[in-house]
């Protein structure tokens, strides 16, 4: 009886993996969007601190993150309308990134405002969440190179935890471009190819 259950579970898991590889479950648009918005925020934050103009912080991050969430919701709503069927793997991936986004928003706003930790630790904490997101995305998408991006996020997190300072804003900006925007562009190109192939 247990052998039959195990076989059924394996068949179910294989079906999930096959479904995820057949459908373009990650078009990369959200990665590009968030990578650009957060990079802008990090660079403006860095130069605002250097120039002692901290009043910018009152509106900068709420505006950027709010805009990011609004655009993401609109994009996902349009994608849901176009795609009548959504694989189980695609649903899992969507929830992984929604959960990650909520966690990062809480860390960025509630964690730092409450004084639970210094604002300098926001970047390495978020870097860890992104690493887990990319690891899961790579597994569900069936792309090893996507999972390997996690290593870049984890190494960056270790560096930022061990050597805190203003430079972490610049490092995180570079990581956003290298490990979020560029992979997002590549995924979008792959997504377009898959659409043409269909």
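Using alpha carbons only, how many angstrom separate the centre of region 145-183 from the centre of region 77-133? Region 145-183 and region 77-133 have Cα centres separated by 16 Å. Taking other C-beta atoms within 10 angstrom as a stand-in for reagent exposure, 149, 107 fall in the order 107, 149, fewest first.
Against the compact-protein benchmark of 2.2 N^0.38 Å, the Cα-based radius of gyration of region 55-139 scales to 1.27. When the chain is treated as a Gaussian network with alpha carbon springs shorter than 10 Å, the biggest mean-square fluctuation among 178, 33, 162 belongs to 162. Model label points for residue 109 and residue 58, set 7 angstrom from Cα along the Cα-to-Cβ axis, are 1.8 nm apart. Rounding to the nearest 10 and keeping the result within 0 to 90°, find how far the Cα-based axis of helix 2-22 lies from the longest principal axis of the chain. With both axes taken from Cα atoms, the answer is about 60 degrees.
In this calculation the C-beta distance from residue 191 to residue 120 is compared with R0 = 41 Å, giving a FRET efficiency of 0.70. Counting only alpha carbon atoms, the long axis of helix 57-82 and the longest principal axis of the chain meet at about 20°. Spacing of the modelled spin labels on residue 163 and residue 80, each 7 Å from Cα toward Cβ, amounts to 4.4 nm. Sorted ascending by nearby beta carbons within 10 Å, beginning with the fewest, 87, 168 become 87, 168.
The C-alpha atoms of the chain define a longest principal axis, and helix 182-197 lies at about 30 degrees to it.
Entry note, the chain: relative contact order of 36 percent, from Cα contacts under 8 Å with a spacing of 6+ residues.
Read-outs throughout are calculated quantities, based only on the coordinates presented, and are distinct from any laboratory measurement. Please read all numbers here as calculations on a predicted model, not as lab measurements. Neighbour counts are summed over all protein chains in view; Cβ atoms, including those assigned to glycine, are modelled from backbone coordinates with ideal geometry.
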